[in-house]
């Protein structure tokens, strides 16, 4: 079984809905790193030296490769990544090897077989 890693940088207010969407699309889990900061094309506004940027969360989803594109597209749709600037971004990264995922692999075997 081969895996991919989806790394999504999302507004903290959308974290729960994006996690739900990922699970709905076939993800079996997610790790959230809170309080990330980032900047897009436009610089963050400041007020007396304080940055007025919204908080971001980083979501890490280790997903089976056959489900990865569907999950990526679904979270992008729910997060409105392409509709509104600054709402989030997600990337898909190849995973060469992973350990500690045997319980997920057993769960995914049936799901992947149904989709192929």
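Values in this text are rule-based calculations from the coordinates and carry no lab data. Values in this document were obtained by computation on a predicted structure and should not be read as measured data. Counting neighbours? That spans all protein chains shown, and the Cβs are built from the backbone with ideal geometry, glycine included.
Packing, taken as the mean count of other beta carbons within 10 Å per residue, orders the peptides 23-32, 96-105, 83-92, 4-13 from highest to lowest as 4-13, 23-32, 83-92, 96-105. Label separation (residue 73 vs residue 105): 2.8 nm, computed from points 7 Å beyond Cα along the C-beta direction.
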